[in-house]
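Engineer: Just passing along the structure, written as structure tokens.
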Amino acid sequence: MRLLPLGAVLLAAAIIAACGGGGLSVQEGLQRMVLQASELPEGLSAGDESFTTNDDLAAASADPGERKAMLESWGRLLGFEIAYRPAGAALDELPLQGVNVSASLYRTEEGASESFADAVETAEGTDWQANYAGLTDFRQDEVEAGSLAEEIVWLRLSGFQPADSGPDSLVTDDLIFFREGRERGFLRVLAGSTATDDRGHYQSTVEGWLEALVDNVRDVLPQVEEGE
């Protein structure tokens, strides 16, 4: 058997890498698919972060056995979530109260799509107003997200937090569910402001982060090994 010259071997390796021939573990890929600290405003610091297995999710459900069977039928491999919170001077300077991001990976796009549909059905069936009983003029709206991802639903929960003195604070809680390839992602941005009553005042900022998040998924996903 004739051996290829070293230069040809190196060139072939470079082509495979450029084409996204794998190389990242599922854990590494998930950590890179979420928003990174450098993509968010200064003053936000990373807080809790964790990987979530199917056993973790099943244990938190009303019927662990049934839930685990469903997750496995979707081909869910693993999930990762991280929370960012304002710290120090940013507590007063930023309208942000928190940013939560998660990513979960599936064996197939079909499984990820089934998981996406389940998450959206659960969110749309939740009595959010009861969860925000302290807000006045509560609203639940769906924001048009266009083609920012292959599948996407953007819910905005909003209302006013009564103040003992001074203006009431407008609270907006953006919940964004999306699927890109065999990844299902989630972005939550909780903000409050006494300077406006425009419920869409933070939308362009959130949309920018969403675009960066989906770009991360698109860049990293081809490099991730398929898992067990």
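Engineer: Residues of segment 31-52 with the amide nitrogen closer than 20 Å to a label point 7 Å from the Cα of Glu211, along Cα-to-Cβ, please.
Structural biologist: Label zone hits: 33-42.
Engineer: Which ³J(HN,Hα) values in Hz, rounded to whole numbers, follow from the phi angles of segment 194-201 under the Karplus curve 6.51 cos²θ - 1.76 cosθ + 1.60, where θ = phi - 60° and Gly and Pro get x?
Structural biologist: Ordered by residue, 3J(HN,Hα) equals 9, 8, 8, 10, 7, 5, x, 5 Hz.
Engineer: From the phi of every residue in segment 119-136, what ³J(HN,Hα) in whole Hz does the Karplus formula 6.51 cos²θ - 1.76 cosθ + 1.60 yield, where θ is phi - 60° and glycine or proline is x?
Structural biologist: These are the phi-based 3J(HN,Hα) values: 5, 5, 4, 5, 5, 6, x, 7, 7, 5, 4, 5, 6, 10, 4, x, 8, 9 Hz.
Engineer: Please give the helix 203-220 orientation as an angle from the longest Cα principal axis of the chain, in degrees from 0 to 90, rounded to the nearest 10.
Structural biologist: Relative to the chain, helix 203-220 is tipped by roughly 20 degrees.
Engineer: For the chain, find the longest principal axis of its Cα atoms and tell me its angle to the long axis of helix 64-74, 0 to 90°, nearest 10.
Structural biologist: Between the helix axis and the principal axis of the chain, the angle is about 50 degrees.
Engineer: Any idea how far apart Glu49 and Glu150 come out in nm if each label point goes 7 Å out from Cα toward Cβ?
Structural biologist: 2.5 nm
Engineer: Among Ala58, Thr205, Gly134, flag the residue with its Cα farthest along the positive direction of the charge dipole of the chain, charges on Cβ as +1 for Lys/Arg and -1 for Asp/Glu.
Structural biologist: Farthest towards the positive end: Ala58.
Engineer: Using a 7 Å offset from the Cα along the Cα-to-Cβ direction at both Glu121 and Thr196, what is the distance between the two label points in nm, to one decimal?
Structural biologist: That separation, rounded to one decimal, is 3.6 nm.
Engineer: Magnitude of the Cβ-charge dipole of the chain, K/R +1 and D/E -1, about the Cα centre, nearest 20 debye?
Structural biologist: Here the size comes out at about 780 debye.
Engineer: Please give the helix 6-18 orientation as an angle from the longest Cα principal axis of the chain, in degrees from 0 to 90, rounded to the nearest 10.
Structural biologist: 30 degrees
Engineer: Considering amide H positions built from the backbone, and no H for Pro or chain starts, which residues 5 or more places from Glu150, or on another chain, come under 5 Å of its amide H?
Structural biologist: Long-range HN contacts for Glu150: Arg179, Gly181.
Engineer: Right, something else. Fully extended, how many nm does the chain gain between Glu226 and Ala87 (0.36 nm per residue separation, minus their Cα-Cα distance)?
Structural biologist: Residue separation times 0.36 nm, minus the Cα-Cα distance, leaves 46.3 nm.
Engineer: Two decimals, Cα atoms only, Kirkwood Rh: what is Rg/Rh over the chain?
Structural biologist: Ratio of gyration radius to Kirkwood radius for the chain: 1.06.
Engineer: Along the Cα→Cβ direction, 7 angstrom out, place labels at Ala130 and Arg107. What is the inter-label distance in nm?
Structural biologist: Taking the simple label geometry, Ala130 and Arg107 are separated by 3.7 nm.
Coordinate-derived values only; no laboratory data. Quick caveat: nothing in here was measured; it's all calculated off a predicted structure. Every residue, glycine as well, gets a Cβ built from its backbone with ideal geometry; the counts of neighbours run over all protein chains shown.
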